[in-house]
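Colleague: Can you keep this structure in mind? I'll have questions shortly.
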Amino acid sequence: MSDSAAHEEQELIQLLTPDGESVPHPDYPLDLTAEEVRGLYRDLVLVRRLDAEAVALQRQGELGLWASLLGQEAAQIGSGRALRRQDVVFPSYRDHGVAWCRGLGSKELLGLFRGVTNGGWDPAEYNFYLYTIVIGSQTLHATGYAMGVQRDGALGEDGIAVITYFGDGATSQGDTNEAFNYAAVNNAPIVFFCQNNQWAISEPSERQSRAPIYQRAAGFGFPGLRVDGNDVFACLAVTREALRHAREGQGPTLIEAFTYRMGAHTTSDDPTRYRLSAEAEEWQRKDPISRVRAYLVREGMADDGFFAAVDAEAEELGARVRTDCRALPDPAPLDIFREVYAEPHSHLDRQRAEFADYLASFEGAEGAAR
Amino acid sequence: MSGTELTLGRAINAGLRRAMENDPKVLMMGEDIGKLGGVFRITDGLYKDFGADRVIDTPLAESGIIGTAIGLAMRGYRPVCEIQFDGFFFPAANQTFTQLAKFRARSGGQLRMPVVIRIPYGGGIGAVEHHSESPEAYFTHTAGLRTVTVANPEDAYWMIQQAVACDDPVVFLEPKRRYWDKAQVRTEGTPETATPMGAARVARSGTDITLVAYGPMVKIALQAAEADTERSIEVVDLRSLSPVDYDTVFESVRRTGRLVVAHEAPVSSGLGAEIAARVTESCFYHLEAPVVRVGGFDTPYPPSRLEEHYLPDLDRVLDGVDRAFAF
């Protein structure tokens, strides 16, 4: 291990080792009840199952695409469970675990990937904004929203913190760096949560950034931390602290969750073309779920009955995901024109009327689809 | 008389002030818009009276201006963004085209995007590179955006208020070479009682040919109509570029039988091409001649010592009118 690698290792905040041993951290105390730990374990297992089911549905032709979270469950559940109800999330497109924590289900999550909607849920209902495909764009929306929270005076103990999720690839984008800067100069109540899963499609993180990502925050004038992204305890404790920091008006924090994307970037690519299986095997040993399971067993917090019950629940969830997916209705053709504008727009109104007439011309014709 | 004589620039300033007074959710954001009042002084005095929380001097990053405005709109604010010059819009294009324009449709109407993007645009002030462009076709080609421009102080005063009140994102193009043109502005009433932002205006009636123009070209179109003593030229000021008020354009062309469209932007794939196509589709049997376009060349905006050749002037517009009659 090189000196710099050793240094980075030292910077990694970890509360639970891959073997399931608890290691207290002086700056990030975490006091969880057995029930809370079991709850985290359940979340991790269920979102992994939801994800696996969606991958299978894509293979069956039910989804056009899926971006798998496999390997990143702890980063998403840990940070997602650190949120309070009033906190507001600006996600990327792989953050199904965070969505889970916000209460979204397969009916909402699968619509975009099935192609029946370009959204899928009401952001205000869940305090969870829409998935963002154009890399890094959402970091600016989150920053602007946080500036609004600030202007509303909605900070303090019961105040609102904003969190935005993005990957290591997004740190190459101008928008992400502009967001860091806007947030810093405005002291905005925001947490930048980077899931460094080591790969931006086929490009390794060293092709994205010369400097460690968390260190970049210092150049913008706010704290940056690197946390073990496969450690749900550490992700929870560090995010909770960063959200508190934001809520209390102390400004932004960058959290780099050091994790690994075990699967493909999306169902469209083939990771065997660009990375070695040994790497995945190494990360397999750091699996986010097995270490919590080992901890639960070691501490006597869960028995076989509990694990069997979670597995059964995962089976039920899998069945529900399949049913929900196939039940998502196709939109009507004229929905193309819906809600493009808040107020009438004569060009669009004319096109809509023409298309409606065109569709109507098929009515009664033999073999008409609709 | 509640009217007052204002330059076009001061009229926008007065309209912005009134919008800020009427709605505490209205914010200004942009580079140098605070103490300096913007490089054209359009936000002059607003920082002093409304404070740094409502007149936000942003870092020098255009994508950041539009991207954070989107977030502020999601939080219930009505941001008015100033892009310092037309040529500097492009770094903000991603946020405008892929995000701002689409959020309403993506969310099935759950998200409102009441964001105004103000851009001083067009040539004629002897500026250096990237300070004289006419990017309107990019905006009018993008679903989800509204695009408007103004040609006189009264429209400037009312339309900026209407743009701020609109729940859709509005690109508000300010013809910078007309900032100093003065006229009486009627200030009584409300934005709702003024001529709607989406309506075109017959700026001068005529019977022989319709001359469609907008923004900085309206003044030249009116001069052309004045100068032509042989033919009666009707001038239509579009005001709204997306949507175009085709009812007004068609009605005029059906009466006159001839149409010239004049704009500063390059002719190819410009708004003139779109209007020519629509008029041909809808008014074919009323046309006495093909629709003629007069505009900038398909070149980058030239160095300012050449801009008088690039920009359609009185003679080029009259030449276009001649062509429509020579057919």
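The values are calculated or read from the model by the stated rules, or taken from the named source; none is laboratory data. Please read these numbers as outputs of a predicted model, since none were measured by experiment. Positions of Cβ are backbone-derived with ideal geometry, glycine not excepted, and every protein chain shown enters the neighbour counts. The area values use the complete protein model at the heavy-atom level, side chains included, leaving out ligands, DNA and RNA. Shrake-Rupley method; radii C 1.70, N 1.55, O 1.52, S 1.80 Å.
Colleague: Rounded if a/c is under 1.5, else prolate if a/b is larger than b/c, else oblate: which is region B:201-326, with a ≥ b ≥ c the root eigenvalues of its Cα gyration tensor?
Modeller: Here region B:201-326 falls in the prolate category.
Colleague: When N counts the residues of region A:273-358, how does its alpha-carbon radius of gyration compare numerically with 2.2 N^0.38 Å, as a ratio?
Modeller: Numbers: Rg = 25.5 Å, N = 86, 2.2 N^0.38 = 12.0 Å.
Compactness ratio reported: 2.14.
Colleague: While we're here: Given +1 on the Cβ of Lys and Arg, -1 on the Cβ of Asp and Glu, and no further charges, what dipole in debye does chain B carry about its Cα centre, rounded to the nearest 20? Provide the component values of the computation, followed by the final result.
Modeller: Details: 34 positive and 43 negative charges, 177 e Å.
Roughly 860 debye, rounded to the nearest 20.
Colleague: Most mobile of B:90, B:139, B:250 per a Gaussian network model of chain B (Cα springs, under 10 Å)?
Modeller: B:90
Colleague: Here is a follow-up. For chain B, what's the relative contact order in percent, using C-alpha pairs closer than 8 Å and at least 6 residues apart?
Modeller: 16
Colleague: In terms of modelled amide H atoms, which long-range or inter-chain residues lie less than 5 Å from the amide H of residue B:212?
Modeller: The list, which skips near neighbours in sequence, is B:236, B:260, B:261, B:262.
Colleague: What is the average number of partner chain Cβ atoms found within 10 Å of a Cβ in A:331-340?
Modeller: 3
Colleague: Please give the charge dipole size of chain A, origin at the Cα centre, charges +1 on K and R Cβ atoms and -1 on D and E Cβ atoms. Round to the nearest 20 debye.
Modeller: Charge dipole of chain A: 300 debye, to the nearest 20.
Colleague: Let me ask something else about it. Express the accessible area of chain B per residue in Å², computed with a 1.4 Å probe while the remaining protein chains stay in the model.
Modeller: Value returned for chain B: 37 Å² of accessible area per residue.
Colleague: Turning to a different aspect of this structure: Give me the compactness ratio for the protein assembly as shown, meaning the Cα radius of gyration over 2.2 N^0.38 Å. Before the final figure, lay out each step's value.
Modeller: On the way: Rg = 28.9 Å, N = 697, 2.2 N^0.38 = 26.5 Å.
My calculation over the Cα atoms of the protein assembly as shown gives 1.09.
Colleague: Using a 1.4 angstrom probe with every protein chain in place, what is the largest-first accessible-area order of B:288, B:82?
Modeller: B:288, B:82
Colleague: Could you check the spin-label model distance between residue A:362 and residue B:141? Points 7 Å from the Cα along Cα→Cβ, value in nm.
Modeller: Once both label points are built, they end up 2.9 nm from each other.
Colleague: Test of understanding: given chain A, find the longest segment containing no chymotrypsin sites (Phe, Trp or Tyr not before Pro) that are in a DSSP loop and have at most 16 other Cβ atoms within 10 Å.
Modeller: A:1-273
Colleague: Something else about it: Around residue A:306, with a cut-off of 12 angstrom between Cβ atoms, what is the net charge of the other residues, counting Lys and Arg +1 and Asp and Glu -1?
Modeller: Taking every Cβ under 12 Å from that of residue A:306, the sum is -2.
Colleague: Picking from A:26, A:138, A:191, whose Cα lies most toward the positive end of the charge dipole for chain A (charges on Cβ: Lys, Arg +1; Asp, Glu -1)?
Modeller: Checked the options; the winner is A:138.
Colleague: Please give the average number of partner chain Cβ atoms lying within 10 Å of the Cβ of each residue in B:242-252, rounded to a whole number.
Modeller: Across the residues of B:242-252, the mean count of other-chain Cβ atoms within 10 Å is 2.
Colleague: Let me ask you something else. If only Cα atoms are counted, what is the Rg of chain B, and what is its Dmax, in Å?
Modeller: My reading of the Cα-based Rg and Dmax gives 19.4, 59 Å.
Colleague: Would you grab the residues whose amide H sits under 5 Å from the one on residue A:227? Only those 5+ places off in sequence or on another chain, please, with H modelled 1.01 Å from N.
Modeller: A:13, A:256, A:257, A:258
Colleague: When only Cα pairs under 8 Å and 6 or more residues apart are kept, what is the percent relative contact order across region B:201-326? Each step should come with its number before you reach the end.
Modeller: Working: 224 pairs, mean separation 34.0, N = 126.
27 percent.
Colleague: Still on this structure: Over all Cα pairs of region A:218-268, how is the pair count split among 10 Å bins, expressed in % and running from 0 up to the last occupied bin?
Modeller: Calculated over all Cα pairs of region A:218-268, the distribution is 23, 42, 25, 10, 0 percent.
Colleague: If you take each beta carbon of peptide A:176-188 and count the beta carbons of other chains within 10 angstrom, what is the mean?
Modeller: Counting Cβ atoms of other protein chains within 10 Å of each residue's Cβ and averaging gives 4.
Colleague: A further question follows. Can you pull out the buried accessible area for chains B and A, both sides counted, probe 1.4 Å, rounded to the nearest 100 Å²?
Modeller: Approximately 3500 Å² gets buried when B meets A.
Colleague: At what distance in nm do the modelled label points of residue A:203 and residue A:315 sit from each other, each positioned 7 Å from its Cα along Cα→Cβ?
Modeller: 4.5
Colleague: With viscosity set to 0.890 mPa s at 25 °C, what whole-number translational diffusion coefficient in µm²/s follows for region A:1-143 from Stokes-Einstein and a Kirkwood radius over Cα pairs?
Modeller: 144
Colleague: Here's another thing I want to ask about it. Treat each spin label as a single point 7 Å out from the Cα along the C-beta direction, and report the residue B:5 to residue A:158 distance in nm.
Modeller: 5.8
Colleague: Which value, in debye to the nearest 20, gives the size of the charge dipole of region B:1-50 about its Cα centre, when Lys and Arg are +1 and Asp and Glu are -1 at the Cβ?
Modeller: In total the dipole reaches around 40 debye.
Colleague: While we're on this one: Whole-Hz Karplus ³J(HN,Hα) for region A:184-201, in order, using 6.51 cos²θ - 1.76 cosθ + 1.60 and θ = phi - 60°, x for Gly and Pro?
Modeller: Along region A:184-201, the couplings run 5, 5, 9, 6, 6, x, 9, 10, 8, 10, 8, 8, 7, 9, 6, 9, 9, 6 Hz.
Colleague: With unit charges on the beta carbon (Lys/Arg positive, Asp/Glu negative), name the residue among B:221, A:263, A:110 whose Cα is farthest towards the positive pole of the charge dipole of the protein assembly as shown.
Modeller: B:221
Colleague: With springs only between Cα atoms under 10 Å, which of B:161, B:84, B:110 fluctuates most in a Gaussian network model of chain B?
Modeller: Its mean-square fluctuation being the largest, the pick is B:110.
Colleague: Here's a follow-up. Taking H as built 1.01 Å from N, whose amide H comes closer than 5 Å to the amide H of residue B:174, not counting residues under 5 places away?
Modeller: So residue B:174 has HN proximity to B:119, B:121.
Colleague: Using only the Cα atoms of region A:3-327, what semi-axes does the equivalent ellipsoid have when each is the square root of 5 times a gyration tensor eigenvalue? Give whole Å, largest first.
Modeller: 27, 23, 21
Colleague: Once the Cβ-Cβ distance between residue A:306 and residue A:27 is put in as r, and R0 is 45 Å, what FRET efficiency do you end up with, to the nearest 0.05?
Modeller: 0.90
Colleague: Return the equivalent ellipsoid semi-axes of region B:188-227 as a descending list in whole Å, where each equals the square root of 5 times an eigenvalue of the C-alpha gyration tensor.
Modeller: Square roots of five times the eigenvalues give 24, 11, 9 Å.
Colleague: May I pose another question? Counting only protein heavy atoms, what percent of the accessible surface of region A:3-327 is carbon or sulfur at a 1.4 Å probe?
Modeller: In region A:3-327, the share of accessible area belonging to carbon and sulfur is 47 percent.
Colleague: Here's another thing I want to ask about it. Kindly provide the pair-distance distribution of region B:87-165 built from C-alpha pairs, with 5 Å bins from 0 and whole-percent values in order of increasing distance.
Modeller: Values per bin, smallest distances first: 3, 13, 21, 22, 20, 13, 5, 2, 1, 0.
Colleague: Dividing the convex hull volume of the Cα atoms of region B:4-193 by its residue count, what figure in Å³ per residue is obtained?
Modeller: 109
Colleague: Something else about it: Please turn the phi angles of region A:344-351 into ³J(HN,Hα) values with the Karplus equation 6.51 cos²θ - 1.76 cosθ + 1.60 (θ = phi - 60°), one per residue in order, whole Hz, x for glycine and proline.
Modeller: x, 10, 4, 4, 5, 4, 5, 4
Colleague: Evaluate Rg over Rh across region A:161-285, taking Cα atoms for both radii and Kirkwood's formula for Rh.
Modeller: Numbers: Rg = 15.1 Å, Rh = 15.1 Å.
Checking Rg against Rh, the ratio lands at 1.00.
Colleague: What pairs from B:25/B:48; B:35/B:102; B:35/B:182; A:107/B:25 go past 28 Å between their alpha carbons?
Modeller: B:35/B:102; A:107/B:25
Colleague: Relative contact order (percent) for chain A, with alpha-carbon contacts under 8 angstrom and 6 or more residues of separation?
Modeller: Taking the mean separation of contacting Cα pairs over the length of chain A, I get 24 percent.
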